[in-house]
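Written below as C-alpha cells is the structure these notes are about.
Read-outs: derived from the displayed coordinates by stated rules, not from any lab. Remember, predicted model here, so these are calculated numbers, not experimental data. Virtual Cβ from ideal backbone geometry, glycine too; neighbours counted across all protein chains shown.
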Amino acid sequence: MYHASLYARIENKKANCRVCRRWCTISPGERGWCKTRINKGGKLFSLTYGRISTMAISPIEKKPLFHYRPGSLWLSVGSVGCNFRCPGCQNWESAHAIPSIKGECSVPIKDSDKLETKNILEYVSPELIIEIAHRERVRGISFTYNEPTLWIEFTERVMNLAKQSGIHTNWVTNGYLTFDALDMIGPYLDSIRIDIKGFSSSTYRKISGISDYEGILDVARRAKGRWGAHCELVTNVIPGINDNIDELCLLARWIIKDMGSETPWHITRYFPNFIWDNIPETRITELEHIYRMAKREGLTYPYLGNAPGHPYENSYCPGCGSVLIERGGSNVVSINVSGGLCPKCGTKIFGVFD
C-alpha cells in the first residue's frame, strides 16, 4: 500500500477522496467506489502504486494521437481499476479488476456475476520504468489500458522523472478527474487523449453511470488552457447508444468553440464486447456520415478510427488537400510534413512533429 496524496481527513476517521469526481467519503476499513483506495485508520492508501498489469511498446497512433510526434514509439503502461464501469469496455479485464491488499486481483468473468482471482500485477518502480524507456529508446511513456487517474501518485512520480530525463509523457483518460488531480500532473503532462462519450447526461448515464459530464469538458479545457498539453478527443460510436447525429453535432460545435477547430476528434468504430457483446459493430457508413458532419461544422481534423485502410484515417492539408500523413490502422505509412508545414503549399499544420 502507498499513502495517497489527494484526500481530506474528516470526522470519525473518514476520508474524503479528491482524486476523481465521485468525491468518495470512505469509512475506516472500506474502499472507494473504484476499489483501488482503502481507508486505514483515517488515512487513505493506494492499492495500485507501481503495480503493473500491462506493459508494451506501441505507436502513439494507438492511443490514438495523430498530431503529436506521429510515427513515434511509446512505452505504454497500465494497472487495474476504473472510476467507470462501461458495459462495452474494450479493456474490461484490467479496467474492471479489483486489486487486493496482498497483490492479486479479482477479475470479472464474462457473462457471469462472479469474479476469479488472478496474479496479473507485478511491482515496477518509477525508476525502473524510466530505465526501460531509455533502454528501449522510446519517445515517451503513456499511461493507458486502465484509468490513470486512480494511480495518480505513481504517474506523477514517473512523469516527474521522465521530464528530467527528456522523455515525453501521455495520459489516456476518461477525463473524470478533479482539478486537484489534473494540476498534480499538469507540470509534467505533454499530451492527453480524452474520451468524450457523448454530449448529454442521459448518454453518459447509459454508458458510464454518471450524469455530470460537464466536469470532463472542464478538464479538457484546463489541460489545454492552463497546462498547455496537446489534446486530442475520442468518441467511440456505439449503435443505439450514443450515435444520435444531433447530439454529436453539438459535441462538434463545443470542440470548435472551446477547444479549437484544429483539435483532432477521433470518431471510432465500436466492436461488440463484454456485457454489450450483443450490440453490432458500428457501420462504416454511419462513421462517414458523422465525419462529414464534423467537416461541415468546421472541424479541421476529424478522423475515423478502428477502420484500417480507410482514407479518413489520413491527415490532409487544410490548405491544398494533399495527403500529409498516410496511415494504415495504427501504423504510419508516410509522413509528409516539413517543419510543421505542408511542403506543397506552406500551410501551418496543427501539432507537434519531430
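A few remarks follow.
- Entry for the range 1-148 at q = 0.12, 0.14 Å⁻¹: log10 I(q)/I(0) = -0.57, -0.76, Debye formula applied to identical alpha-carbon scatterers, no solvent contribution.
- Divide the volume of the convex hull around the Cα atoms of the range 196-313 by the residue count and you get 105 Å³ per residue.
- Summed residue charge, Cβ within 9 Å of N242's Cβ, Lys/Arg positive, Asp/Glu negative: 0
- Euclidean distance of C-alpha centroids, the range 80-99 and the range 151-183, integer Å: 20
- Projected area, mean over directions - the range 77-162, Cα convex hull, nm²: 6.3
- Computed from label points 7 Å out along Cα-Cβ, the spacing between S261 and K13 is 6.0 nm.
- Translational diffusion of the chain, estimated by Stokes-Einstein from the Kirkwood radius over alpha carbon pairs at 10 °C in a medium of 1.306 mPa s, is 76 µm² per second.
- If R0 is taken as 22 Å, the Cβ-Cβ distance between Q90 and D111 corresponds to a FRET efficiency of 0.85.
- The antiparallel fraction among DSSP beta bridges confined to the chain stands at about 55%.
- By the beta-carbon count within 10 Å of each Cβ, the least crowded to most crowded order of Y49, Y68, fewest first, is Y49, Y68.
- Per-residue HN-Hα couplings for the range 109-115 [Karplus 6.51, -1.76, 1.60; θ = phi - 60°; Hz; x = Gly/Pro]: 9, 4, 6, 8, 8, 8, 10
- Taking amide H as placed 1.01 Å from N in the peptide plane, the amide H of G328 sits under 5 Å from that of V333, each at least 5 places away or on another chain.
- Our summary gives the chain a relative contact order of 13 percent, counting only alpha carbon pairs under 8 angstrom and 6 or more residues apart.
- Near V124: Cβ cut-off under 15 Å, other residues only, Lys/Arg at +1 and Asp/Glu at -1. The net charge is -2.
- Length gained on full extension, D180 to E122, computed as 0.36 nm times the residue gap minus the Cα-Cα distance: 18.1 nm.
- Loop-located trypsin sites (Lys or Arg not before Pro) in the range 105-164 (DSSP state not H, G, I, E or B) with no more than 11 neighbouring Cβ atoms inside 10 Å: K110, K114, R137.
- Full extension of the chain between N160 and E326 yields a length gain of 56.4 nm, computed as 0.36 nm times the residue separation minus the alpha carbon distance.
- Gaussian network model of the chain, springs between alpha carbon atoms under 10 Å - residue of H266, H134, H289 with greatest fluctuation: H289
- For N160, neighbours were defined as the other residues whose beta-carbon sits under 13 Å from its Cβ, and their charges (Lys and Arg +1, Asp and Glu -1) total -2.
- Estimated inter-spin distance, H134 and F271, nm [label 7 Å along Cα→Cβ]: 3.7
- Computed over the alpha-carbon pairs of the range 2-46, the distance histogram in 10 Å steps reads 36, 62, 3 percent, short to long.
- Only Cα pairs under 8 Å and 6+ residues apart enter the sum, and on that basis the relative contact order of the range 236-329 stands at 26 percent.
- Length gained when the stretch S5-I245 is fully extended (0.36 nm per residue, less Cα-Cα span): 82.3 nm
- Cα gyration tensor shape for the range 309-351, rounded if a/c is under 1.5, else prolate or oblate: prolate
- Pairwise centroid distance, computed over Cα atoms, of the range 205-246 with the range 280-354, Å: 21
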